[in-house]
Amino acid sequence: MGPAAAADDGEVVQVRATQGTSMTAGGLTDDVLTQERRTRGPRAYLRDAVDRLAGADPGLAQLRMALQSVLGIAVGVGLVWLFIRLTGALQLPAGSAPPAVVTAYNHALLIVSMLLAGMVAMMAGFTVNDRTPRGQLVSSLTLPLPMLAAMAAGLAVGAYHVASLVFVVALMTAAVYVRRWGPVGFRSGMVAFNGGFLGFFLHAQIGLGDLGWLAADMYIGVLASLLVRFTVLRPDPERTLARMRRSWEARARRLLRLSAAVLATEDPAGTHALRQRLRRQVVRLNESTLMIDAQLAETAPGTAAAQAQRLFDVELAVANCARFASALAVTRAEPAARAQAARTLTAVLLSDAAAALAAAGELRSRTWSSARTTVLAHRLAASVEDGVRARRAVEQESDDAEFTPAVALNAGWLPGSVPVSAAASTTPGRGGRLDRTTMPPYLRSAVQIAVAGTIAVVAGSLVSEQRLYWAVLSVFLAFIAATNSGEQVRRALFRVTGTAVGIVAGDVLVHATGGNVWASLGIVLVALFFGIYLIRINYTFMVIGVTVTMSQLYVQLGEFSWSLLLLRLVETVIGVGAVVLTVLVILPLRPQRVLTTGLLLWFQALRALVDAALDGLVEGRSESLRPAVRELDAAYAALVATAEPLQRATFGRNSTQLTELLSVSGAARMYARSLAAQSEDGEAAGQSEAAEVALRTMAGQVRASATAVEQRIQCGEHGTYVRASALAELAAEQVRPRHGSLQHALRDLTLLDGALARLAAALEMEIRDHDTTPDEPAVVAPPA
C-alpha cells in the first residue's frame, strides 16, 4: 500500500465521502452537529464575535474610523458653538420676540447647527477613504456640495406635502442609483440623501434664506474632520501595514497555541471544540493575509511581490501545522507522537528556530506505531521546517516586479459578499421568471428602494404625517451595505431590534442626564463610538447608538416623550416591513441564487488552481502558483462572507446543507493549497513511463469529475462524480521517491478528491468509484 493510501489518516474522518457514512443532507453526522451546538454557549459566541472583529480589523482601521468620526463630531460641535457665539448665526436678536420664545428658538437652532456639523464630520469619517492625503482633502472639501443642493431642494418643497413625499422617494432612488459610479457615487448619494432628508425634516424651522449659514455649519464639520484626520489620526500607510503585520503575527501565534492545545487534549468534546476554533482561526489568518497583500500593493509596490511570497510561505506553513496537529488529535495518535509534535510547536512559539528544527528533525526521523501517524508527523515536521526557512528568507528588493493583489480593499476592508452579489445580479438564476432577471445591482436596488420608499411613505403617513420620516430612513438604511434579499431582510430586522433596545436605553439615559447639554453630548459621543466600532459585529449596535443619540436630541429640542419613542418604533417597523415585502417580491436577489453564484466562483477558482497544480505534477513544471492560490483564497473569503449570515437564518435540511458546503469548501481549499505547494517542486520530471501514464490518467479523471461538478453548480445538470482516489493510489505505487513531495501531493489529491465527493453528495450528484463499481467501468478522460 502506497503513501496515498497509508495516509488515510484521520483527516479523512473530516473530509472523506464513503458509501457507509451516515450523513444528514450532505455531510456532517447528526452526532457531530449536536455536539457542536452543545459546545457553542454564550461565551463561545462572544469570543467568536470579538475574534471576528479583530480579524476584520487587523490594521485597526475600524477603531481609527470610530475615533475619527467621534472626535470629528466633538470638534465640530465645539467649533459651531464658538462660531454661533461670535456671529449670532441663525439666532433671533434679543427683543424680537418674548424672551422665552427667543431662548427656545435659539437653543433649537443651535442644536440643529451642531447636528449638521456633527453629521458632516461623521460622514467624512465614514466615506472619505482616498489613498492619498491630497485625495482625502479634495473629497472632504467637495463633500458638502451634493448635500447643500439636496437640502435646498428639500427646503423648497417641504411646505408642499405631496410634493415633498414624492421628492423623498425620488431622492432615495437617485442616491442608490448613483452607486454605479463607485465610491464617489456612493459618497455623493449618501450625503445628498442626508441633506435632502434634513431639508424635508427641518423645513418648518429653517428656510432657503438660511442656506449660507447652513453651508458654513457644514464646512465647519469638514474642518473638524480634517483637523482630526491630519493632526490626531494622520494617515500613514506604512504604520497601517506595520499594525496589520503585528496583528497577523499575534493571530499566527494564537493558531499555533491552539494547535499545541489540541494535541494535549484527551477529551473528545474538548478536541472537537478546539478543532472548530482552529478552523475559524485559519480562516481569519487567511483573511488578514489577503488584506496585507492589498496593503502591500499600495504601500510598497516595488517589493510587494517578494514580501507577499514570503508571507504566503509562512501562512501556508502555519496553516498546515494546524491541519496536521488537528489530524493527529482526531485520530488519537500515540501520546509520544503527540507530545513530540507539541514540543515542536512550542519551540516555534518561543521563536527558537534551532530548537524548532531540532524537534522537527526528531519528529521526522522516527517511525511511529502506524503509517497514518508517521505520515502526519512527518508532514507536520516538514511544515515547521518550511515555516522556519520562510521566516529566515532574505527579502529580495525588486523595482520592476509586478504584483496584483487578489482583492482590492473597500474602505480598508475585504469586499465581503459584494462581488458575489454583483455577479449574481447579472447572472440568470435557475428559479422562476423573476429569479432569472438580470441587471446591474445598482439598478436593481434603485427599483426596489423606489417601491419600498413609496410603501413606507403611504403607510407611514397613515400613522403620523409628521413623523413618517423614520419609516423613510429605515428604508434607505436597509439598502446600505446590503447587496441581496437575505442581507437586506437581516439588516432591516436588526434595525427593529436595535431601535427597541435603544428606546429603553435612551429613556434611562435621558433621565440620568436631566437634559444637561454637555452630559447629553458625552453620551452621544460614547454611544456613537461603540455603535461605529461594533457595527462589524452586528448592525444592531449602530442602531442602538443612533437611537440613544436621537433620544438626547429630542430632549434638547423639547420634544422627548415615551409616546414619541414608541411612535418612532412603529414607524421603523413600517419601514422595515416595506423593505422585507419589496425585496422578497420585487426583483428579488434571493439568497440561494447568491449562494450558488458564490459557490460557482469559488469552485472555478479551485478548479483553476487544481488544473495548474496537475500540470506541475504531470509535466514536472516548477512555477509559483501563489497568484492562483490567492485567487482561491479571495473567492473562499467571499463565499464565507455570503454564506455565514445565511447560516444563522436557515433551519433544518437547508441549514445542514449550508454547514456542509462551508465545511467542504474550507477543507477543499486547504488541500488544494497544499497540493499546489507540493507540485511546485517539479519532482514529476524524470519519472518512469508507467508513472507518467498513471499520473496522466489520474489527472484526466480529476479534471473530468471537476467539470461534472461545475456543470451541476452552473446549469443544474445531474451528473456523476467519479472518484480519482483509486487512480491516485495506483500512481503513488509507481512514482519515486517513496516519501518525496510528489507522494505528499498525491496524498493531498486523495483528500481533495474526498472533499469534492462530499460536495457532489451535497449537490445530490451520483458518486462512483473505480474500485467499488465493478459492474460499469467509470469513464476516464483520455490522458493529455
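Taking Arg379, is it surrounded by fewer than 21 Cβ atoms within 10 Å (Cβ to Cβ), touching a helix residue (DSSP H, G or I) at 6+ places or on another chain (Cβ under 8 Å) and in a helix (DSSP H, G or I)?
no
Does Ala406 satisfy the condition of being part of a loop (DSSP other than H, G, I, E, B) and closer than 30 Å to Thr127 by Cα?
Against the criterion (part of a loop (DSSP other than H, G, I, E, B) and closer than 30 Å to Thr127 by Cα), Ala406 qualifies.
Could you look through segment 679-699, keep only residues that are open to solvent by 40 Å² or more (accessible area, probe 1.4 Å) and under 38 Å from the mean Cα position of the chain (by Cα), and pick out the one that is modelled with the highest pLDDT?
Ranking the qualifying residues of segment 679-699, first place goes to Glu680.
Step by step: first the residues of segment 468-486, then only those that are open to solvent by 30 Å² or more (accessible area, probe 1.4 Å) and not polar (S, T, N, Q), then the one that is farthest from the chain's Cα centre (by Cα). Which residue is that?
In this case the residue turns out to be Leu477.
Listed here are the residues, each with its yes/no results for (1) of a type in the set (D, E, K, R); (2) surrounded by fewer than 20 Cβ atoms within 10 Å (Cβ to Cβ); (3) within 35 Å of the chain's Cα centre (by Cα).
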position	(1), (2), (3)
Thr303	no, yes, yes
Val314	no, no, yes
Pro335	no, yes, no
Ala354	no, yes, no
Thr367	no, yes, no
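Looking at segment 419-440, can you tell me whether even one residue there is at pLDDT 90 or above, open to solvent by 30 Å² or more (accessible area, probe 1.4 Å) and under 30 Å from Asp313 (Cβ atoms)?
yes
Could you tell me whether segment 469-480 includes any residue that is within 25 Å of Leu566 (Cα to Cα) and part of a loop (DSSP other than H, G, I, E, B)?
Looking through segment 469-480, at least one residue is within 25 Å of Leu566 (Cα to Cα) and part of a loop (DSSP other than H, G, I, E, B).
Does any residue in segment 454-475 that is among the polar types (S, T, N, Q) come within less than 9 Å, Cβ to Cβ, of a residue that is not in a helix (DSSP H, G or I) six or more places away or on a different chain, and which pairs are these?
What qualifies is Ser461/Leu468.
Looking only at segment 321-347, count every residue that is closer than 20 Å to Leu285 by Cβ and charged (D, E, K, R) and tell me the total.
Adding up the residues that qualify gives 1.
Of these, Val722, Val702, Val664, which one is in contact with a strand residue (DSSP E or B) (Cβ under 9 Å, 6 or more places away or on another chain) and surrounded by 23 or more Cβ atoms within 10 Å (Cβ to Cβ)?
Answer to the selection: Val722.
So, of the residues in segment 506-521 that are in a helix (DSSP H, G or I) and open to solvent by less than 30 Å² (accessible area, probe 1.4 Å), which turns out to be nearest to Leu566 (Cα to Cα)?
Gly506
Considering each residue of segment 67-108, count those that are closer than 24 Å to Gly522 by Cβ, surrounded by fewer than 20 Cβ atoms within 10 Å (Cβ to Cβ) and touching a Phe, Trp or Tyr at 6+ places or on another chain (Cβ under 9 Å), and give that number.
So the count comes out to 1.
Being assigned to a helix (DSSP H, G or I), over 12 Å from Ala760 (Cβ atoms) and either among the charged types (D, E, K, R) or in contact with a Ser or Thr (Cβ under 9 Å, 6 or more places away or on another chain) (or both) is the filter here; which residues of segment 699-738 pass it?
Scanning segment 699-738 gives Arg703, Gln714, Ser725, Ala726, Leu727, Ala728, Glu729, Leu730, Ala731, Ala732, Glu733, Gln734.
So, in segment 587-640, of the ones that are open to solvent by less than 10 Å² (accessible area, probe 1.4 Å) and of a type in the set (Gly, Ala, Ser), which residue ends up nearest to Leu409 (Cα to Cα)?
Gly598
Would you check if there is a residue in segment 751-769 being buried (at least 17 other Cβ atoms within 10 Å of the Cβ), part of a strand (DSSP E or B) and modelled with pLDDT under 90?
Checking segment 751-769: at least one residue is buried (at least 17 other Cβ atoms within 10 Å of the Cβ), part of a strand (DSSP E or B) and modelled with pLDDT under 90.
The values are calculated or read from the model by the stated rules, or taken from the named source; none is laboratory data. Just so it is clear, the structure is predicted and the values come from calculations on it, not from any experiment. We place every Cβ from the backbone using ideal geometry, glycine too, and count neighbours over all the protein chains shown. Ligands, DNA and RNA are stripped out before the accessible areas are found, and what is left, the full protein with its side chains, is counted by its heavy atoms. Shrake-Rupley method; radii C 1.70, N 1.55, O 1.52, S 1.80 Å.
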